[in-house]
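First up is the structure itself, then whatever we jot down about it.
The values are calculated or read from the model by the stated rules, or taken from the named source; none is laboratory data. This is a predicted model, so every value here is computed, not measured. Neighbour counts are summed over all protein chains in view; Cβ atoms, including those assigned to glycine, are modelled from backbone coordinates with ideal geometry.
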Amino acid sequence: MARHGSRVREVPTSLSAPVVATATLPVVFGTAPIHLAETSENVNIPVLAYSFPEFAKALGYSDDWENYTLCEMADLAFRQFSVGPVVFVNVLDPSKHKANKEESITVVNKKGVIESKGILLDSLVVSNNTNELELDKDYIASFDEDGQVIIAFLKDSVTSVNVKFDHLTPEIITNNHIIGGYDITTGKSTGLELLNTVFPKLSMVPGLVLAPKFSKDPTVAAVMKAKASSVNTYFKAQSLDDINTLEANTYTKVNEWKNQNNYTGENEVVCWPKAGLGNKVYHMSSEIACRIMKTSYDNGDFPHESPSNKSLPITKLLVETEDGHEEIDLSPDQAELLNDQGITTAINFIGGWRAWGNYTGAFPANTDVKDIFTPVRITHNWLGNTIILTTWSMVDSPNNPRLINRVLDTMGMWLNGLQGQGVLIGGRVEFREEDNPVTDLISGKIRFRYLVAEPTPGQDIDNILEFDVNYYNTLFITD
């Protein structure tokens, strides 16, 4: 058809804004008091929470962290560090992990309390002798602040009742529930297998992977490392694991336990011991993860600064015993020894309680700078994830100079910006002839080489103090 006149035709902008990956987004696997939530459907589903009320609404909350492990991270992130968001994956299923129980309770002032916890309120049956009472007509049932069920009776004649109910059994959750898997019959994933669903579901790339309480098991830790090293095939994350403080209850036992159980990955931060704040007990992996998040947040969401020597909301260090926990002391020289063995801990020396340690689990066996320093490894992951996110939209574009220049310009300016902000010592992107033989180009393959240098943590400041006798000559100078 003949054309006549003036027209405008739009083409994609040559310079694109980089799609920034969330550097330190934690994905936490564990158990939640789902009976206290607004819905019981959040089982083996990634749940994104930006605040404590959001977490409690979606998954419930309880101070019983031994049975409900996700609550520990919610308390730390939202109450102690005031950072977010956090992705939670609850593996406690009220349709499977439950038991039936019957109790007799005494009614005082038209109220009765069920001593058992974890009650699934929908299963509650209240009867007076042989007569079953009717909800909202004869009684009202609700949870109090401690998670116990309070029954308020609407008639004065009730003095005692029998109750039957189902209650959660979080104590039966094993390491296998955390590891999870893929069911070919239902097509559904559970446990750590759900790490690959976070980005498709939430459009956010996992940065940190945790499983407080469960990561002290070598099998769980191994799966965490494997999953974190290849998220959705393309992305990388960092796992944070705890050493078993019941078995390694002194600092001299930690390194042997670490090596025997293969806590030696470059994408693994190995933590010891536990931390206490008042009567609360935290896993060190949770503390360090939140400290990493907070440090990144304070730096404009850039992960290049180490969490080491940054404050932690703790008052003591703890190890497990057969009947609870006991407090331990850790001197700076002992903590330094742990650091030299690739273990992150905490000390109370100058400036209060602080995270202490820069090395990943790969140190000292591995000496590659990109693998041994925690902030460098996390930044390297973040750079790679961001490169993928940004260049993905360019896939299947015509392989011509326009595409090459678009990548070089977009990513080059981004790297220059990171250098100017102190995130990188330097960085550039190149399109090299030796990386792109003609046989690859005609096959649709194109390669760009990124050369970067992240700042390493200045962990060893050597101040040389010398006595200078020449200053005595000033005694003989007269006006």
Legend entry - Output for region 13-70, where each listed residue is touching a Lys or Arg at 6+ places or on another chain (Cβ under 6 Å) and at pLDDT 95 or above: Pro46, Thr69
Inset, instruction - Scan region 191-199 and give yes if some residue there is assigned to a strand (DSSP E or B), surrounded by 14 or more Cβ atoms within 10 Å (Cβ to Cβ), at pLDDT 90 or above and of a type in the set (D, E, K, R), otherwise no. - result: no
Inset, instruction - With respect to Gly300, determine if the residue is touching a Ser or Thr at 6+ places or on another chain (Cβ under 7 Å) and either surrounded by fewer than 21 Cβ atoms within 10 Å (Cβ to Cβ) or within 20 Å of Glu266 (Cα to Cα) (or both). - result: no
Inset, instruction - Working carefully through the options Ala355, Ala335, find the one that is among the aliphatic types (A, V, I, L, M), within 18 Å of Ala289 (Cα to Cα) and surrounded by 13 or more Cβ atoms within 10 Å (Cβ to Cβ). - result: Ala355
Legend entry - Scope region 367-396; condition in a helix (DSSP H, G or I) and β-branched (Val, Ile, Thr); matching residues: Val369, Ile372, Thr374, Val376, Ile378, Thr379, Thr386, Ile387, Ile388, Thr390, Thr391
Legend entry - Candidates Pro85, Pro94 - the one that is under 26 Å from the mean Cα position of the chain (by Cα), surrounded by fewer than 20 Cβ atoms within 10 Å (Cβ to Cβ) and at pLDDT 90 or above: Pro85
Legend entry - Wholly enclosed strands (runs of 3 or more DSSP E) of region 236-340 bearing at least 1 residues farther than 30 Å from Thr386 by Cα, aliphatic (A, V, I, L, M) and touching a helix residue (DSSP H, G or I) at 6+ places or on another chain (Cβ under 7 Å): 274-277
Legend entry - Residue tally, condition touching a helix residue (DSSP H, G or I) at 6+ places or on another chain (Cβ under 9 Å), surrounded by fewer than 21 Cβ atoms within 10 Å (Cβ to Cβ) and among the polar types (S, T, N, Q), over region 200-229: 1
Inset, instruction - Sort out which residues of region 428-467 are of a type outside the set (D, E, K, R), in a loop (DSSP other than H, G, I, E, B) and surrounded by 10 or more Cβ atoms within 10 Å (Cβ to Cβ), and write them in order of number. - result: Phe431, Asn436, Pro437, Ser443, Ile446, Phe448, Pro455, Thr456, Pro457, Gln459
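Residues are listed down the side, and each one gets a yes or a no for (1) touching a His at 6+ places or on another chain (Cβ under 8 Å); (2) of a type in the set (A, V, I, L, M); (3) in a strand (DSSP E or B); (4) free of Cβ contacts under 8 Å to residues at least 40 places away in the same chain:
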site: Thr22; (1), (2), (3), (4): no, no, no, no
site: Ala32; (1), (2), (3), (4): no, yes, no, no
site: Glu38; (1), (2), (3), (4): no, no, no, yes
site: Glu41; (1), (2), (3), (4): no, no, no, yes
site: Val47; (1), (2), (3), (4): no, yes, yes, no
site: Trp65; (1), (2), (3), (4): no, no, no, no
site: Phe78; (1), (2), (3), (4): no, no, no, yes
site: Lys96; (1), (2), (3), (4): no, no, no, yes
site: Ala99; (1), (2), (3), (4): yes, yes, yes, no
Legend entry - Candidates Lys110, Lys117 - the one that is at pLDDT below 95 and under 30 Å from Pro26 (Cα atoms): Lys117
